[in-house]
Amino acid sequence: MSANTANTTAGARWRRRLGWSTAALLALLLLAFAAAWLLLAGSRPRLDGRQTLAGLTAPVQVQRDALGVARISAQNRTDLAYALGFVHGQERFFEMDLMRRAAAGELSALVGPAALKVDEANRVYRFRALAQRIVAQLPADQRGLLDAYARGVNAGLAALDVRPWEYLLLGQKPQPWTPADSILVVDAMYLDLTPPVFNTVQRARLHATLPRPLVDFLLAPDPRWEAPLQGTVSTPVPLPDASVFDLRSAPPAPALQTAALATALHEHAVIGSNSFAVSGQLTANGAAIVANDMHLGLGVPNIWYRAELRYPDPTDRARTLALNGVTLPGAPLLVAGTNGHIAWGFTDSYGKWRDWVRVLRDPADPLRYRVPGGWATLRVHHEVIEVAGAKPVPLTVRDTIWGPIVAHGPHGTPLAMDWIALHARAVNLNLLHLETATSVDQALAIAPTLGIPPQNFLVGDAQGHIGWTIAGNAIPLRKGFDPNLPADFSQPGAGWTGWLAPADYPRIVDPPDGRLWTANNRVVGGAWLALEGNGGFDLGARAQQLRDDLNARQRYTPQDMLDIQLDDRAVFMQHWYGLLRDTLTQNPQQPQLRALAAATRTWSGRASIDSVAYHAARAFREKVIETVLAPFVARVKARYPHFVWPSGDSREYAVWTLLTQRPPWLLDRRYASWNALLADCAQQVAEDFAKAPGGIAAQTWGRRNTTRIDHPLSAALPAPLRW
């Protein structure tokens, strides 16, 4: 055999082996793909067929409309809770699991160390132990519904051929659902809607560093944008004169890096819920119309689960209740919607539902602290946070009679949090009573008994009536302290003295003009506002725009209400755009400013995705706010490195007043004039836009305001596989 023949034979063998290897690899890939598909298919919910399930007292029917929305028909409310739990368990179990674990501080046991910081922050509230106490004290009918719902969830989970795919990816097994877990889901909503933000601590740091008149001015609400339903707009807070504080003569503060300044002044997102209603006097058929958009964070899946729930009316079994709206996976209730007689919805009230209590310890015994009439001993709990793939992490929780110690004040004093979510009354299933209400009056009487985070509650009925109140049974009565600063509850008569009685709740029924609106803003004033407190109200511009839209018509249809929800007019940004244009006109010498002027010449008056002008106006506002407040923030951060500006839009009034009156004593010493400050801010915007792909002319609002909707586990996947 020649060398050439041998080489040819060897090459052929090599090619055959490569071919067989390639074919084998492709076969393995196909098998892996098929196995993955079968596993995913096995975790999908059953949408048709019949199943025989233990725990039901009568047949239940689950139908789906063209959009996949479930219609559940049952012969009683208990079976309905079971069936709703079944479909939630099949379709949303992982979401429910995340919510219960987030509230309990148990996420790390499922997803590993990445969730440890969240668990350490939330475990201090010991919500699981509280949830178990709440379940034990619920009325028998509500406990029965939770039991039925939990059985339904577990039956739905067990009926899947394969556990939900998220658990396959994590290498975990889902843990059974319990009645206490449904309470934890509501606790998770407390964390989301009334989060334990440290506004009071941050205000205390401001007061410890700057004169009180200056702090009052810097944090003042802006009456130009308020639109309360009751009471007047806020009284303007006067600009402090140079005798109060003068930056020209004050010792200079350490300069802040841009990133540190932006972090300290980051505007906590008010995601933007809204609700509004018109009475029957403004509709064709005499029935009220209620519009509601409960904006929470976007994700996959959506936090809400749309459903139609049907069962015989317990007060008249010849009548069928037909509930349409949204449920919260993890709970056996309709959260918002209609029963055909009333329609209701919620927006976050942003009231002040927690107070910070100074814990005065005994110098001779650090476990003792002062209480009214003497001393008490701290309750110490040794928690253990389980972490998937790592060692457990111990956590020590120190509890007072007011709540756990979770922070320290400006002078190092331990601070306990008295938060309504930590009281057993804060969660119940009284939302059930709205299912059978037939009038606004009945609904408004039920709202103050609801065990939910306090919300603006808007309701209308088929007779044309509309009403507003605060829903939630835990409005604390305060006495003897300033709720805006950490307080000493050990003083006799100071602290929370009880809970507001339902009969004393603020209430507005059938206003003369037939219109109601809320948008996370201050809704009331006077004594009612003193009860609610300010937990970080939105500025009010959105509510004002709603009010003005409602006043623009005298008759309304559902389409008209939808048009209001879709209103994208940039009313609030109009004056900032005008200031930007004035600044650009006064500084034509800079090439980048000339380019920005050209790109922003057209103003549509809307938050349009193709508008450079709107994007530039927003970016300019952010730069101006950061720059104007920088010398004050720098002074506070020099003493308290973790200082951040209190949440809520408490910047607009002070900054716009300073820009309007231009006091030299409150101007950052880096600038020769207020005009110079504005020009520098415009220059920063122009430079940022110029660096972005496409340059200044391409920086539309659509480039900035992009939507990102992720599954909670998508961050753990390789970039090409994220969705």
### Query
If you check residue 141 against the conditions, is it part of a helix (DSSP H, G or I), under 16 Å from residue 181 (Cα atoms) and acidic (Asp, Glu)?
no
### Task
Inspect region 348-356 for any residue being closer than 30 Å to residue 279 by Cα, touching a residue at least 40 places away in the same chain (Cβ under 8 Å) and part of a strand (DSSP E or B) and give the result as yes or no.
yes
### Summary
Expected output for region 552-580 (first residue within 21 Å of residue 515 (Cα to Cα), partner at pLDDT 95 or above and among the polar types (S, T, N, Q), Cβ below 6 Å, 6+ apart or cross-chain) is 556/283; 571/545
### Message
For region 374-448, give me every one of the strands (runs of 3 or more DSSP E) that falls completely inside it and has 3 or more residues that are among the polar types (S, T, N, Q), under 18 Å from residue 198 (Cα atoms) and within 29 Å of the chain's Cα centre (by Cα).
### Response
none
### Task
Return a yes/no flag: does region 316-330 have any residue that is out of contact with any Ser or Thr (no Cβ under 6 Å at 6 or more places or on another chain), of a type in the set (A, V, I, L, M, F, W, C) and either on the phi > 0 side of the Ramachandran plot or buried (at least 23 other Cβ atoms within 10 Å of the Cβ) (or both).
yes
### Summary
Across (1) without any contact (Cβ under 8 Å) to a residue 24 or more places away in the chain; (2) out of contact with any helix residue (DSSP H, G or I) (no Cβ under 7 Å at 6 or more places or on another chain); (3) surrounded by 15 or more Cβ atoms within 10 Å (Cβ to Cβ), residue 600 clears everything bar (2)
### Subset of region 123-159 (residues that are on the phi < 0 side of the Ramachandran plot and either out of contact with any helix residue (DSSP H, G or I) (no Cβ under 8 Å at 6 or more places or on another chain) or not assigned by TED's automatic domain parsing to the domain that holds residue 83 (or both))
124, 129, 136, 139, 140, 141, 158
### Message
Whether any residue in region 490-502 is closer than 30 Å to residue 411 by Cα, touching a residue at least 60 places away in the same chain (Cβ under 8 Å) and among the polar types (S, T, N, Q) is what I want to check.
### Response
yes
### Summary
When every residue in region 525-537 that is surrounded by fewer than 21 Cβ atoms within 10 Å (Cβ to Cβ) and in a loop (DSSP other than H, G, I, E, B) is compared, the one modelled with the highest pLDDT is 525
### region 136-148, residues that are more than 29 Å from residue 381 (Cβ to Cβ) and either touching a strand residue (DSSP E or B) at 6+ places or on another chain (Cβ under 7 Å) or surrounded by 15 or more Cβ atoms within 10 Å (Cβ to Cβ) (or both)
144, 145, 148
### Task
Give, as residue ranges, the helices (runs of 4 or more DSSP H) completely inside region 552-614 that count at least 2 residues that are touching a strand residue (DSSP E or B) at 6+ places or on another chain (Cβ under 9 Å) and not assigned by TED's automatic domain parsing to the domain that holds residue 683.
558-565
### Query
Looking at this structure, is residue 706 at pLDDT 95 or above and either surrounded by fewer than 16 Cβ atoms within 10 Å (Cβ to Cβ) or part of a helix (DSSP H, G or I) (or both)?
no
#### Entry: Index of the failed condition, residue 610 passing every other in (1) over 23 Å from residue 651 (Cβ atoms); (2) modelled with pLDDT under 95
(2)
### Task
Being without any contact (Cβ under 8 Å) to a residue 24 or more places away in the chain and surrounded by fewer than 19 Cβ atoms within 10 Å (Cβ to Cβ) is the filter here, so list the residues in region 208-223 that pass it.
212, 216
#### Entry: Matching option when the condition is within 30 Å of residue 170 (Cβ to Cβ) and aliphatic (A, V, I, L, M), among 629, 713, 666, 677
713
### Query
Is one or more of the residues making up region 125-135 charged (D, E, K, R), within 22 Å of residue 392 (Cβ to Cβ) and either surrounded by fewer than 23 Cβ atoms within 10 Å (Cβ to Cβ) or within 24 Å of the chain's Cα centre (by Cα) (or both)?
yes
### Those residues of region 274-292 which are touching a Phe, Trp or Tyr at 6+ places or on another chain (Cβ under 6 Å) and either modelled with pLDDT under 95 or within 13 Å of residue 546 (Cβ to Cβ) (or both), in sequence order
276, 278, 291
### Residue check for residue 162: on the phi < 0 side of the Ramachandran plot, over 18 Å from the mean Cα position of the chain (by Cα) and assigned by TED's automatic domain parsing to the domain that holds residue 84
yes
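Listed here are the residues, each with its yes/no results for (1) under 28 Å from residue 208 (Cα atoms); (2) basic (Lys, Arg).
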| position | (1), (2) |
| --- | --- |
| 590 | no, no |
| 606 | no, yes |
| 613 | no, no |
| 616 | no, no |
| 633 | yes, no |
| 666 | yes, no |
| 671 | yes, no |
| 684 | no, no |
### Query
Restricting attention to region 294-319, and to residues there that are modelled with pLDDT of 95 or more and in a strand (DSSP E or B), which single residue is farthest from residue 440 (Cα to Cα)?
305
### Task
Please work out if residue 456 is in contact (Cβ under 8 Å) with a residue 60 or more places away in the chain, within 18 Å of residue 534 (Cβ to Cβ) and under 26 Å from the mean Cα position of the chain (by Cα).
yes
### Message
Given the condition of a type in the set (A, V, I, L, M), more than 33 Å from the chain's Cα centre (by Cα) and buried (at least 19 other Cβ atoms within 10 Å of the Cβ), answer yes or no: does some residue in region 550-564 qualify?
### Response
no
### Message
Suppose we filter region 153-178 for residues that are among the β-branched types (Val, Ile, Thr) and either surrounded by fewer than 16 Cβ atoms within 10 Å (Cβ to Cβ) or in a loop (DSSP other than H, G, I, E, B) (or both); how many remain?
### Response
2
### Query
Out of all the residues in region 628-668, which are assigned to a helix (DSSP H, G or I), surrounded by fewer than 20 Cβ atoms within 10 Å (Cβ to Cβ) and free of Cβ contacts under 8 Å to residues at least 60 places away in the same chain?
655, 660
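The values are calculated or read from the model by the stated rules, or taken from the named source; none is laboratory data. None of these values were measured; they are calculated from a predicted model. All Cβ positions, even for glycine, are placed from backbone atoms using ideal geometry, and neighbour counts span all protein chains on display.
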